[in-house]
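Below is one structure, written out as structure tokens; comments come after it.
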Amino acid sequence: MNVNGGAQSHDVEPRTLLVHYIRENCGLTGTNVGCDSSSCGACTIHVNGEAVKSCTMLAVQTEGDEITTIEGLADGETLHPMQQAFHECHALQCGYCTPGMVMAAVSLLDEQPNANEAEVREGLEGNLCRCTGYHNIVKAVLSLSGGDK
Amino acid sequence: MIPASFDYKRAGSAEEAISLLGEYGDDAKLLAGGHSLVPLMKYRLAAPAVIIDIGKVADLSYINDGGDHIAIGALTRHRDIEISELVNSQIPLLAAATRNVGDPQVRHRGTIGGSVAHGDPASDTPSAMLALRATFVATGPNGSREIASDDFFSGFLETALADDELLTEIRINKVPDAKFSFQKFNRRAQDWAIVGASILVNGADTGVGLVNMDSKPIRSAAVEAAVASGATAADAAEQAAEGVEPPADLNASVEYRQHLARVLTRRGLLESGVS
């Protein structure tokens, strides 16, 4: 598979979860394991451009696919606009949910570039922030949306 | 949580999947999007010896205009159904139910066929299939056969599909002028329904499918008959819990589920133009 623009090839057991493959075989530990039961969204990454929960996929299911993780968003030292917006809006407290939240938010605006506040809140329903810092997260996403604020 | 070990086979086509099913029988489970099966395997509630991955069989992912019906390939992802112009204009109840499945990440991976073939009474879309009187196309070594939605769901996580059959297509008659409502009660965003209801009112025909009110997805023939005989929404909805045996769990008792079924059915009927 292709991860963040580079080929990755490893022999793994079929039961290896995608999130463990990314963290342990690819060494990309920005993607977090939270609930490990597809509820919290901390493990959200993109497969072929769409946000998915990598704890609920087997690595073998994505053979040949394009994977993007939080490490693949920035352009060198320049943060991705969504990362910059999270920084500017103080959209993180402890930061554990942040990689998944950013990946879900990027996918959300790809699909709904003019999402309004209700659509942003609905669109991020698969991501939990246990610091409950939702207001600033929503503010950060809305700052990049072309829709009514 | 890591699943138990299994042998992994990837099918490149429907034919190959059916042949592998013939080879491994009930030791094998089909893996489509994996959003019902993988969680069960992680909890070790399922431990199939062989996984047949059909997730990359691209020609089973489509939404086609079949003239009087819409034909949906079994591997079509929830997200594609949710945003499909054909589905939204011709069978909008299915789009409404699909928007309530899990969350965006789940809908990006989960497939319509995987969801209905799992036969989970708590799933959202089977209730819409029942209300819409969908037809399921099962393909096995000797060809294809059609299964009516009323005959498809046979028990808890059980369907009429044989061990060597693959669900390949779902056909739903167009009902562009029908009034409809999908009602779901849950405690938190993205949770499973504690109870849900799919309501379709198409002229004189009424369809009512209930979520989590029995060991399998069910239709409420009693409510449908009451509406047909001219009952008000409130009176018809009183029948919603008649003759069904909902499960009791940490979220709800039997009595509470029966109450929710009546309330959600009434709301859905009112929203669908039954006064």
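Bear in mind that the values in this text are calculations on the coordinates, not laboratory data. All figures in this text were calculated on a predicted structure; none of them were measured in a lab. So basically every Cβ, Gly included, is an ideal-geometry build from the backbone, and we count neighbours across all protein chains shown.
Once the piece of chain linking B:Ser275 and B:Glu245 is laid out straight, how much longer is it, given 0.36 nm per residue of separation minus the C-alpha distance between them?
Values: separation 30, 0.36 × 30 = 10.80 nm, distance 2.77 nm.
Net length gain for the segment: 8.0 nm.
Residue by residue, what Karplus-based ³J(HN,Hα) values in Hz, rounded to whole numbers, does the stretch B:247-263 have, using 6.51, -1.76 and 1.60 with θ = phi - 60° and x for Gly and Pro?
x, 10, 8, 4, 7, 7, 7, 4, 5, 5, 5, 4, 4, 4, 4, 5, 5
Can I get the semi-axes of the stretch B:7-53's equivalent ellipsoid? Compute them from the C-alpha gyration tensor as square roots of 5 times the eigenvalues, in angstrom, largest first. Show your work: numbers first, answer last.
Working: eigenvalues 72, 27, 10 Å².
Working through the eigenvalues yields semi-axes of 19, 12, 7 Å.
Within a Cβ distance under 12 Å of B:Asn202, other residues only, what is the Lys/Arg minus Asp/Glu net charge? Working shown, then result.
Details: positive: B:Arg133, B:Lys174, B:Lys179; negative: B:Asp177, B:Asp205, B:Glu224.
For residues surrounding B:Asn202, the net value is 0.
Using only C-alpha positions, report the orientation-averaged shadow area of the convex hull of the protein assembly as shown, nm², one decimal. Please list the in-between numbers first.
Working: hull surface 82.5 nm².
Average of the hull's projected areas for the protein assembly as shown equals 20.6 nm².
Can you give me the orientation-averaged projected area of the convex hull built on the Cα atoms of the stretch A:1-144, in nm²? Mind dumping the intermediate values first?
Details: hull surface 32.1 nm².
If I average the Cα hull's projected area over directions, I get 8.0 nm².
Translational diffusion coefficient of chain B at 25 °C, 0.890 mPa s, Stokes-Einstein with Kirkwood Rh over Cα pairs, in µm²/s as a whole number.
130
Using the charge dipole of the stretch B:58-173 (Lys, Arg: +1 at Cβ; Asp, Glu: -1 at Cβ; taken about the Cα centre), state which of B:Pro104, B:Thr168, B:Ala148 has its Cα farthest towards the positive end.
Among B:Pro104, B:Thr168, B:Ala148, the one farthest towards the positive end of the dipole of the stretch B:58-173 is B:Pro104.
Give me the dipole magnitude in Debye, nearest 20, for the stretch A:15-149 about the Cα centre, with unit charges on the beta carbon: positive for Lys and Arg, negative for Asp and Glu.
Details: 7 positive and 17 negative charges, 100 e Å.
The dipole of the stretch A:15-149 has a size of about 480 debye.
How much net charge surrounds A:Thr31 when only other residues with a Cβ under 9 Å from its Cβ are counted (Lys, Arg +1; Asp, Glu -1)?
Working: positive: A:Arg23; negative: A:Glu71.
Once positives and negatives cancel, what remains is 0.
How about the stretch B:181-231: which trypsin sites (Lys or Arg not before Pro) there lie in a loop by DSSP and see at most 16 other Cβ atoms within 10 Å? Intermediate results must be reported in sequence, preceding the final value.
Values: sites: B:Lys184, B:Arg187, B:Arg188, B:Arg219; in loops: B:Arg187, B:Arg188.
Loop-located and lightly packed - B:Arg187, B:Arg188.
How high is the FRET efficiency between B:Leu86 and A:Glu77 when r is their beta carbon distance and R₀ equals 51 Å, given to the nearest 0.05?
On the way: r = 46 Å, r/R0 = 0.90.
Efficiency, rounded to the nearest 0.05: 0.65.
Report the dimensions of the stretch B:144-228 along its three principal axes from the alpha-carbon atoms, largest first, rounded to Å.
Projected onto its principal axes, the Cα set of the stretch B:144-228 covers 38, 34, 23 Å.
For the pair B:Ala225 and A:Asn114, how long in nm is the line joining their label points, each one 7 Å along Cα→Cβ?
It works out to 5.0 nm between the two label points.
Among B:Leu20, B:His69, B:Val38, flag the residue with its Cα farthest along the positive direction of the charge dipole of the stretch B:1-84, charges on Cβ as +1 for Lys/Arg and -1 for Asp/Glu.
Farthest along the dipole direction, towards plus: B:Val38.
Along the charge dipole of the stretch B:211-275, Cβ charges K/R +1 and D/E -1, which of B:Ala236, B:Leu260, B:Gly273 sits furthest on the positive end?
B:Gly273
Taking the Cα centre of the protein assembly as shown as origin, sum charge times position over the Cβ atoms of Lys and Arg (+1) and Asp and Glu (-1), and report the length of that vector in debye to the nearest 20.
On the way: 32 positive and 55 negative charges, 215 e Å.
Dipole size: approximately 1040 debye.
Place a point 7 Å from Cα of A:Asn136 in the direction of its Cβ. Which residues in the stretch A:89-108 have their backbone N less than 15 Å from it?
Flagged as within label range: A:89-99, A:102.
Helix-only estimate, please: 222 nm mean residue ellipticity of the protein assembly as shown, summing -39500 (n - 2.57) across DSSP H runs of length 4 or more and dividing by its residues, to the nearest 500. Walk me through the numbers before you get to the answer.
On the way: 16 runs with 130 residues, N = 424.
After summing the helix terms and dividing by the residues of the protein assembly as shown, the value is -8500 deg cm²/dmol.
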